[in-house]
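The values are calculated or read from the model by the stated rules, or taken from the named source; none is laboratory data. What you see is a predicted model, and the numbers here were worked out from it, not measured in a lab. Glycine gets a Cβ as well: all are built from the backbone with ideal geometry, and neighbour counts include every protein chain shown. Surface areas here come from the heavy atoms of the whole protein model, side chains and all, with no ligands, DNA or RNA. Shrake-Rupley method; radii C 1.70, N 1.55, O 1.52, S 1.80 Å.
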Amino acid sequence: MTDESPAAARGARRDFETIVGGSLAKWLGIVAGVLGVGFFLKYAFDSQWIGARGRVLIGAAVGAGLIALAERLRRRGYRSYPNVLTGGGILILYLSVYAARVFYELVGLTPAFALMAAVTTAAVLLSVRYDAIAVAVLALLGGFATPVLLSTSVDNQIGLFTYVFALDAGVLALAYFKRWRALNHISFWLTALTFLGWLVSFYEPWKLWRTLFFLTLFFLVFSALALVHNVLARRPARWADVSLFIPNATLYFAASYALLDEGGYGRALGAFALVVSSFYVLLFYAARTRHREDRLLALSYVGAAVTFFTLAVSIQLDLQWVTTGWAVEALMLTWVGLRAEERGARYAGVAVFAVAGLHWLVVDAVEFAAYRTPGAFVPFLNGRAASAAALVAALFGATWLYRREGRKVEPAERDALSVLFVLAAAGLALVALSADVNDYYLRAMRDAAGDADARARLDNARLFALSALWTLYGAGLWAAGYARRVQFLRFAAFALLGVTALKLVVIDAAYFDAAWHRALANQTFAAFALLVFALWYVARTYARARAGTDERERRAAFPALTVVGNLLAVTALSLEAVGYFDKQLAAAAGNGGGEGLRDLRLAAQLSLSLVWAVYGGALLALGHARGLRVLRLMALALLGAATVKVFFFDLSELERFYRIVSFIALGAILLGVSFLYQQQQQRAARVEGD
């Protein structure tokens, strides 16, 4: 059942019919009609029914006829239908002039250009008369297409850019009086594409200052839009008014920077960024003086000024200014969006943060790698680290802004973006630190290319440094999440510590029997010990925590941390035991070996059994003393593995002396285990008796 009335249903059907039968059908009809006439004319032309001059005149007559018919229908009271006919007529006129010039060469370049400009002007006037933005858009597209359609592959920079400037000025004036903001954006992107096309095809270094003049002229035109639309007219700015700041400023500065740098003016680039910053300061002053109540516009100017001032400092200090500039710009957009309560600015800030992060990963991380950096490479004090630090600071700044101004936005947005910014900052910082540590050792390994032993020692040190960094970073991240009661930070820390554990077992452990290792005093064992200590610290904190913690998290995390930590400890001790004897085996094999090789192999197996048995016994005693069932279960599992090994391997493989030691040690430990459990049962019986 539905509560929709029959009248409402009929209204909904009429609306759907109006959309399909009225609006959609008329636009499809004019497109089909133009194509049909075109196909007919092509058939007539191919059959030589009509000459070249007649073809052009027919096209012009059809276009003018459609416009005249549209005017007549408008006088009879039709409103939207004439707009479609007008658009079709303008399109046919454009095609007719193009055919007269390019296909048949009936008119020269200058007359053809003048005719297309006249068609554009007529289209603009008709859009004003009919109050039809669709006609204005068509006129704009045709106006920008004119230089492309009539191109002679000969450069005429002054003529082209003067024409584009005049077209922009006319269209933007139309957008001002009719309040058609969409024309501003369309005009900007068409201007940018036209400029880029000319730059790729015709630019030469000797045209630098002329090119910069027109580039600056276009920049000023589109920068003045908000000043004219909002400040002088005292209209409150909306996101559609200020959103053109970002591409206008970015493309202008990027293009100018590239041109000046290529022209040998690299030392002046910092001053150039400072000039752009000062320009936005002037716009801010004008906005605050003439239109003080418009906070969105004023804050947008402040954001742009701060962004370019930061760029000026970054360029002069030889930092990675692109990443730094985008980071500051994203922070300013976040600030503007929060202070002015404008969602579009805040979401644009998120997008710019993503671009900055991508640029750092694709450009900075590669350009400032150790193998591409001439001279000495200093970890944490290089261009890559500096740009990463700027981006991390901007992300944390955005998080602080959301906490401070978060009451102005929905809680879902505030929480989601705060989590995103913090995780992105933490992840980027870890990647940057890891990259610098890794590159430092890789560069040293490259310099020691002829010494295999030195390269292996450096690789062992590299793996230890990365594992230690990840362990300390993960522990610090967890501590911050625990202190601030931020659960997602703790979970991120668990993920990092888990990856570190996997790395230790799969990669670092390959050096367990390195010739330069000393028992229990080497980098591989130290990496295991550091991670085990970090896991013990976290587990101990959970065990002592009561109030203010998530009970489900505590109950899940504590046993998991305990199990993983002890498995890593057993693995490290086992590797040390086996590695100690493997090194002696390698040395003995080099000296001829003999009977000593067999004794060393037997001693290695005995040491492994002893490690498992002793560790299992100690773990069981600790489990009983602390009342921790998880420790007791792990101990029993480890003792079970030691028992299986002693009875099924040591019994058949070891010599009598080693077999005796193995069985006595295991037996003593198992008896101790049995005594502990017996003692526990007696205590329980006394309690029941009392």
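Details
- Filtering region 134-146 to residues that are at pLDDT 75 or above and either touching a Phe, Trp or Tyr at 6+ places or on another chain (Cβ under 8 Å) or open to solvent by 10 Å² or more (accessible area, probe 1.4 Å) (or both) leaves ALA134, ALA136, VAL137, LEU138, LEU141, GLY142, PHE144, ALA145.
- Test: residue in region 328-347 that is out of contact with any Gly (no Cβ under 7 Å at 6 or more places or on another chain), closer than 25 Å to GLY266 by Cα and at pLDDT 85 or above: yes
- Qualifying residues in region 141-156 (those that are of a type in the set (Val, Ile, Thr) and in a helix (DSSP H, G or I)) - the one nearest to ALA122 (Cα to Cα): THR146
- Within region 499-530, being outside any helix (DSSP H, G or I) and either in contact with a Cys (Cβ under 8 Å, 6 or more places away or on another chain) or more than 21 Å from ALA454 (Cβ to Cβ) (or both) holds for ALA519, LEU520.
- Qualifying residue in region 488-498 (condition: loosely packed, with under 15 Cβ neighbours inside 10 Å, of a type outside the set (Lys, Arg) and closer than 19 Å to ASN566 by Cα): yes
- Of everything in region 292-304 that is open to solvent by 10 Å² or more (accessible area, probe 1.4 Å) and not in a loop (DSSP other than H, G, I, E, B), the residue that is modelled with the lowest pLDDT is ARG295.
- Leading residue by the ranking (farthest from ALA527 (Cα to Cα)) among those in region 474-487 that are open to solvent by 50 Å² or more (accessible area, probe 1.4 Å) and touching a residue at least 12 places away in the same chain (Cβ under 8 Å): ARG485
- Residue match in region 612-623 (condition: of a type in the set (Val, Ile, Thr), assigned to a helix (DSSP H, G or I), modelled with pLDDT of 75 or more and open to solvent by 30 Å² or more (accessible area, probe 1.4 Å)): yes
- Only a single criterion out of (1) modelled with pLDDT under 75; (2) open to solvent by 40 Å² or more (accessible area, probe 1.4 Å); (3) under 21 Å from THR191 (Cα atoms); (4) not small (Gly, Ala, Ser) is not satisfied by TYR94, namely (2).
- From the list LEU573, LEU561, LEU597, LEU567, the lone residue that is at pLDDT 75 or above and surrounded by fewer than 17 Cβ atoms within 10 Å (Cβ to Cβ) is LEU567.
- Odd one out for LEU469, checked against (1) under 29 Å from ALA526 (Cβ atoms); (2) touching a Phe, Trp or Tyr at 6+ places or on another chain (Cβ under 9 Å); (3) buried (at least 17 other Cβ atoms within 10 Å of the Cβ): (2)
- Annotation note: Cβ proximity below 6 Å between a residue of region 618-636 that is touching a residue at least 40 places away in the same chain (Cβ under 8 Å) and a residue that is polar (S, T, N, Q) and in a helix (DSSP H, G or I) (sequence gap 6+ or interchain) occurs for VAL630/THR562; MET634/ASN566.
- Region 157-210: number of residues that are over 17 Å from VAL221 (Cα atoms), open to solvent by less than 50 Å² (accessible area, probe 1.4 Å) and not in a helix (DSSP H, G or I): 1
- Some residue of region 479-488 being over 20 Å from THR571 (Cβ atoms), not in a helix (DSSP H, G or I) and not charged (D, E, K, R): yes
- Positions within region 406-427 being open to solvent by 20 Å² or more (accessible area, probe 1.4 Å) and in contact with a Leu (Cβ under 7 Å, 6 or more places away or on another chain), in sequence order: LYS408, ALA424
- Residue match in region 464-485 (condition: aliphatic (A, V, I, L, M) and more than 30 Å from LEU428 (Cβ to Cβ)): no
- Some residue of region 434-444 being more than 30 Å from THR334 (Cα to Cα), in a helix (DSSP H, G or I), open to solvent by 30 Å² or more (accessible area, probe 1.4 Å) and modelled with pLDDT of 95 or more: no
- In the set (1) surrounded by fewer than 19 Cβ atoms within 10 Å (Cβ to Cβ); (2) not in a helix (DSSP H, G or I), PHE377 fails one condition alone, (1).
- Members of region 385-405 found to be open to solvent by 60 Å² or more (accessible area, probe 1.4 Å) and among the aromatic types (Phe, Trp, Tyr), listed by number: PHE396, TRP400
- Failed criterion for ALA175 (all others in (1) modelled with pLDDT of 75 or more; (2) farther than 18 Å from ILE92 by Cβ; (3) of a type in the set (A, V, I, L, M) hold): (1)
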